[in-house]
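First comes the structure, then the notes that go with it.
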Amino acid sequence: MQELMESIRRPCAVFVCAFLLSLSQAQADTSVWSVRSGDNVIYLGGTVHLLRPGDYPLPGEFEEAYQASSELYFETDIGAMSDLSVQTQMLQQLTYGDDKSLSTVLSDEAYRALSAYTATAGLPIAMLDKFKPGLLISTLQILVFQSMGFTPQGVDAFFHTRAVADGKAEGQLETVQEQIGFIAAMGAGNESEFILLSLEELAETADVMEDMIGAWRTGDAEGLSELFVEDMKVEAPELYDSLLLQRNLKWIPQIDSMLQDADTEFVLVGAAHIVGENGLLDLLSQKGYEINQL
């Protein structure tokens with residue numbers, strides 16, 4: 001269950017990563033930035049929620065920002081994800097009630113394509129028929145990630161564990177319930193199109209993830225943008241709006257508040273949120289903050 005919660009925080013490799021921003025600076029080393037307002041500073045770290053053991057150690061700039069910070073902020077309460085009541089709530093909100101199922105919601109074409117895919121994955125479609133599209137695609141993606149050696153011990157989980165061990169304060173930009181709501185809404189109203197597009201993209205996950213890890217490690221924001229965000233804007237504009245844009249806009253006032261005090265926070269969010277037009281860096285730059293890539 002915790003693997004599922006970790007994965008759906010980054011729903012679908014095709015849809016989840018959004019990146020694009022050009023700052024006037026030389027090529028940087030990794031996906032960590034400092035954001036300054038006078039004497040006040042925070043660090044903004046772009047994360048990958050799932051990594052392989054071989055992807056460690058993390059780039060040194062992450063450790064530098066961690067050591068310089070007194071408090072860590074994550075997208076949501078990572079510790080709560082192992083809570084049984086949260087897991088129960090997730091299943092209640094991400095599955096259909098008695099009167100609906102994938103077989104009644106999807107078109108014949110989409111349901112046949114889904115049945116064929118799950119059969120090759122060794123999952124009878126009957127096991128998944130009550131899953132809403134967001135939960136379904138996240139589950140299928142977990143299987144792909146596992147086959148590639150990825151685990152939920154990504155950047156966020158790594159630093160959450162460190163913060164607990166070191167006694168550092170933690171905060172969240174949104175609640176677990178809000179994140180569950182985002183997943184529950186995925187594909188709502190266009191379930192068949194969402195499933196068909198997601199199945200196409202799942203086939204490309206291996207190549208996409210390799211490229212993404214490379215771009216993330218080197219702080220190649222433009223490369224990440226070309227891989228993900230622009231396609232997402234074109235192929236799934238509603239998903240881009242709900243999963244990335246609106247959340248970015250909601251987080252900016254919270255980051256503004258952090259920059260008004262003398263504490264140094266390290267904000268760790270999926271790299272998709274950080275770069276690109278209307279990414280966090282772009283939005284913060286528009287507000288006049290000094291931004292530098294470590």
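Can you sort S285, S192, S82 so the residue with the fewest Cβ neighbours within 10 Å comes first?
Fewest to most other Cβ atoms nearby, the residues stand as S82, S285, S192.
Cut-off is 10 Å between beta-carbons; in what order do S198, S103 appear when sorted fewest neighbours first?
Working: S198 26, S103 14.
Listed from fewest to most nearby Cβ atoms, that is S103, S198.
To the nearest 20 debye, what is the magnitude of the charge dipole of segment 35-86 about its Cα centre, counting +1 on the Cβ of each Lys and Arg and -1 on the Cβ of each Asp and Glu? Display every interim value, and only then the final one.
Numbers: 2 positive and 9 negative charges, 25 e Å.
It works out to roughly 120 debye.
Can you list the residues, at least 5 places off or on another chain, whose amide H is less than 5 Å from the amide H of L259, using H built in the peptide plane?
Excluding prolines and chain starts, which carry no amide H, there are no hits.
How large is the charge dipole for segment 173-281, taken about the Cα centre, if only the Cβ atoms of Lys, Arg (+1) and Asp, Glu (-1) carry charge, to the nearest 20 debye? Present the calculation step by step, with values, prior to reporting the outcome.
Details: 4 positive and 23 negative charges, 77 e Å.
My answer is approximately 380 debye.
If we count other beta carbons within 10 Å of each Cβ, what is the order of V164, V267, fewest first? Walk me through the numbers before you get to the answer.
Working: V164 12, V267 28.
Going from least to most buried by this count: V164, V267.
Multiply the residue separation of R36 and E71 by 0.36 nm, subtract the distance between their alpha-carbon atoms, and state the gained length in nm to one decimal.
Numbers: separation 35, 0.36 × 35 = 12.60 nm, distance 1.61 nm.
Fully extending the segment from R36 to E71 adds 11.0 nm.
I need the calculated FRET efficiency for the pair Q246 and T151, taking r as the beta carbon distance and R₀ as 22 Å, to the nearest 0.05. Intermediate results must be reported in sequence, preceding the final value.
On the way: r = 30 Å, r/R0 = 1.34.
Efficiency, rounded to the nearest 0.05: 0.15.
Taking the Cα-to-Cβ direction at T161 and at A121 and moving 7 Å from each Cα, how far apart do the two end points lie in nm?
Using points 7 Å along Cα→Cβ, the separation is 2.6 nm.
Could you run the Karplus curve 6.51 cos²θ - 1.76 cosθ + 1.60 with θ = phi - 60° over segment 207-213 and give me ³J(HN,Hα) per residue in whole Hz, x for Gly and Pro?
These are the phi-based 3J(HN,Hα) values: 5, 5, 5, 4, 5, 5, 4 Hz.
Can you run phi through the Karplus equation (6.51, -1.76, 1.60; θ = phi - 60°) for segment 76-93 and list ³J(HN,Hα) in whole Hz, with x for Gly and Pro?
Rounded to whole hertz, the list is 8, 7, 5, x, 6, 5, 8, 6, 4, 5, 5, 5, 5, 4, 4, 5, 5, 7.
Quote to one decimal, in nm, the extra length available between E277 and V234 on full extension: 0.36 nm per residue of separation minus the C-alpha distance between them.
So the chain would gain 14.1 nm between E277 and V234.
All other residues with a Cβ under 12 Å from the Cβ of A113 taken together, and with Lys, Arg as +1 and Asp, Glu as -1, what is their net charge?
Values: positive: R112; negative: D108, E109, E193, E200.
That sum, taken over residues with Cβ under 12 Å, equals -3.
What full-extension length gain, to one decimal in nm, is calculated for S257 and T175 as 0.36 nm per residue of separation minus the Cα-Cα distance?
Value of the extension gain: 27.7 nm.
Name the residue from A121, F266, A206 whose Cα lies farthest towards the positive end of the charge dipole of the chain, charges +1 on Cβ of Lys and Arg and -1 on Cβ of Asp and Glu.
A121
Short version: ³J(HN,Hα) in whole Hz for each residue of segment 120-126, in order, from phi by Karplus 6.51 cos²θ - 1.76 cosθ + 1.60 (θ = phi - 60°), x for Gly and Pro, what are they?
5, 8, x, 10, x, 4, 4
Using DSSP to call loops (not H, G, I, E or B), can you name the GluC sites (Glu not before Pro) in segment 211-294 whose Cβ has at most 15 other Cβ atoms within 10 angstrom? If you can, show how the numbers build up before the last one.
Details: sites: E222, E226, E230, E235, E238, E265, E277, E290; in loops: E277.
Answer by residue number: E277.
For the chain, what are Rg and Dmax over the alpha carbons, in angstrom?
18.9, 60
None of the figures in this text is laboratory data; all of them are computed from the coordinates on show. From a predicted model like this one, the values you see are computed outputs, not experimental measurements. When we count neighbours, we look across all protein chains shown, and the Cβ atoms used for this are built from the backbone with ideal geometry, even at glycine.
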